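Structure record follows, encoded as C-alpha cells.
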Amino acid sequence: MSDLLISAQDLRKQFRSGNEPVTVFDGLSLDLGRGESLALIGRSGSGKSTLLNVLCGLEWPDAGSLRILGESFEAQSRPLGRAETRWGELRRRRVGVVFQEANLMPALSLLDNVRLRSRLASRDEAPCRDWLERLGIGDLADRYPDQVSGGQRQRAALAMVFAMQPDLILADEPTGSLDRRTAEDVAEVLFNLQSRHGCGLILATHDTELADRCDRTLDLGHRQAR
Ligand SMILES: Nc1ncnc2c1ncn2[C@@H]1O[C@H](COP(=O)(O)OP(=O)(O)OP(=O)(O)O)[C@@H](O)[C@H]1O
Ligand SMILES: [Mg+2]
C-alpha cells in the first residue's frame, strides 16, 4: 500500500468575479507522505486557504484529481452526494481541520467543544482536558467561545483536532493570532504530536519560522516546491 496520504494532480480552482472567471491556481500537483509536513506560504490572496479547502473537500476543484487517505476524488466526481458523504466521513474521523477563523460551537464550553470533536471521531474523551492544558488554556476549559480571546479560541480549535488523533492535519494560520512566545509553544505541541503519531501536516502560514520547521515549503505566490 502506498505511504502517500495525499496525491493531488493538476488541480485547478476558479472563482467568478462578476462574469469573469478568476483562476486561483491551475495545474497544481502535490504529494504528502506519512509523517511529512508541508508549509503553504505566499502573499495574502495567493490561494493558501482555498487549497486547504480543496484538500478537505469543502471546495470542489474545477479540474484535477485527488487521492487522500485511500479515497479518490475527481473534479467531475459523480454523484456529488456520495463524494460529499465520503469527504464528511474523512473530516469526522481522519482529517483534522483548523480553520483561519476558529469555528467552535458557541453554545458549548471550550472543553465540551473538544469532547464533542473527540466523540465524533470515536476517540477516548479522557485526554480532552489535558489537550487544553498543554495548549495553555486549561484554566479556561469551562468558558464559552465568546468569553475568551481570538488566540485562545484558536488554541481550543487545535485541541479539538489533537483530540481526534487524525491521520492528517490541515491547519490554516494555526498561530496567526498568537504572540511570538505562545506561537512557539503551540508549534512545539503541534510538531511533537505530528512526529509522535506520524500524521501528515499541511499548514498555511505567513510566519517564516513556522514554515521553516516543516519538511517542505510550497510558495503559492511563485508555486515552487523546495
Ligand atoms: N468564495 C470566493 N469567491 C470568490 N473569490 C474568492 C472566494 N474565496 C477566495 N476567493 C479569492 O481567491 C483568492 C485566494 O484566496 P485565499 O483565501 O485562498 O487566499 P490566502 O492565500 O489564504 O490569503 P490570506 O493569506 O489573506 O489568508 C483571493 O483572490 C480571494 O479573493
Ligand atoms: Mg487564508
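The values are calculated or read from the model by the stated rules, or taken from the named source; none is laboratory data. Because the structure is predicted, anything quoted here is derived from the model rather than measured. Ideal geometry is used to build each Cβ from the backbone, glycine not excepted, and the neighbour counts take in all protein chains shown.
Comparison of LEU5, LEU58, LEU80 shows that the only residue that is within 16 Å of ligand 2 (Cβ to nearest atom) and among the aliphatic types (A, V, I, L, M) is LEU58. For the range 87-106, which positions are more than 13 Å from the chain's Cα centre (by Cα) and surrounded by fewer than 17 Cβ atoms within 10 Å (Cβ to Cβ)? If the condition is that a residue be more than 13 Å from the chain's Cα centre (by Cα) and surrounded by fewer than 17 Cβ atoms within 10 Å (Cβ to Cβ), then GLY88, GLU89, MET105, PRO106 are the ones that fit. Is it the case, given these coordinates, that PRO106 is more than 16 Å from ligand 2 (Cβ to nearest atom), farther than 22 Å from HIS222 by Cβ and either in contact (Cβ under 8 Å) with a residue 12 or more places away in the chain or not charged (D, E, K, R) (or both)? Considered against the rule, which asks whether it is more than 16 Å from ligand 2 (Cβ to nearest atom), farther than 22 Å from HIS222 by Cβ and either in contact (Cβ under 8 Å) with a residue 12 or more places away in the chain or not charged (D, E, K, R) (or both), PRO106 comes out as yes. A residue that is under 16 Å from the mean Cα position of the chain (by Cα), more than 13 Å from ligand 1 (Cβ to nearest atom), touching a residue at least 12 places away in the same chain (Cβ under 8 Å) and surrounded by fewer than 17 Cβ atoms within 10 Å (Cβ to Cβ) occurs somewhere in the range 35-46. In this structure, GLY136 qualifies as away from ligand 2 (no atom under 16 Å from the Cβ), part of a loop (DSSP other than H, G, I, E, B), in contact (Cβ under 8 Å) with a residue 24 or more places away in the chain and on the phi > 0 side of the Ramachandran plot. You will find that of ALA83, ALA75, ALA102, ALA107, the residue that is in contact with an Asp or Glu (Cβ under 8 Å, 6 or more places away or on another chain) and small (Gly, Ala, Ser) is ALA75 and no other. When the range 32-42 is filtered for residues that are part of a loop (DSSP other than H, G, I, E, B) and either within 10 Å of ligand 2 (Cβ to nearest atom) or at pLDDT 95 or above (or both), the ones remaining, listed by number, are GLU36, GLY42.
The single condition from (1) under 28 Å from ARG92 (Cβ atoms); (2) of a type outside the set (Lys, Arg); (3) modelled with pLDDT of 90 or more that ALA183 fails is (1).
Any residue at all in the range 54-62 that is closer than 23 Å to THR208 by Cβ and assigned to a helix (DSSP H, G or I)? Checked the range 54-62: at least one residue is closer than 23 Å to THR208 by Cβ and assigned to a helix (DSSP H, G or I). Determine, yes or no, whether ASP207 is surrounded by 14 or more Cβ atoms within 10 Å (Cβ to Cβ), more than 16 Å from ligand 1 (Cβ to nearest atom) and touching a residue at least 24 places away in the same chain (Cβ under 8 Å). For ASP207, the condition - surrounded by 14 or more Cβ atoms within 10 Å (Cβ to Cβ), more than 16 Å from ligand 1 (Cβ to nearest atom) and touching a residue at least 24 places away in the same chain (Cβ under 8 Å) - is not met. Summed over the range 154-168, the residues that are touching a residue at least 60 places away in the same chain (Cβ under 8 Å) and assigned to a loop (DSSP other than H, G, I, E, B) give a count of 3. Could you list, in sequence order, the residues of the range 121-146 that are exposed (fewer than 14 other Cβ atoms within 10 Å of the Cβ) and not acidic (Asp, Glu)? SER122, ALA126, listed by residue number.
Can we say ALA171 is buried (at least 16 other Cβ atoms within 10 Å of the Cβ) and not in a helix (DSSP H, G or I)?
Yes.
Condition check for THR50 on (1) under 24 Å from PHE99 (Cβ atoms); (2) surrounded by 17 or more Cβ atoms within 10 Å (Cβ to Cβ); (3) among the polar types (S, T, N, Q); (4) in contact (Cβ under 8 Å) with a residue 40 or more places away in the chain: one failure, at (4).
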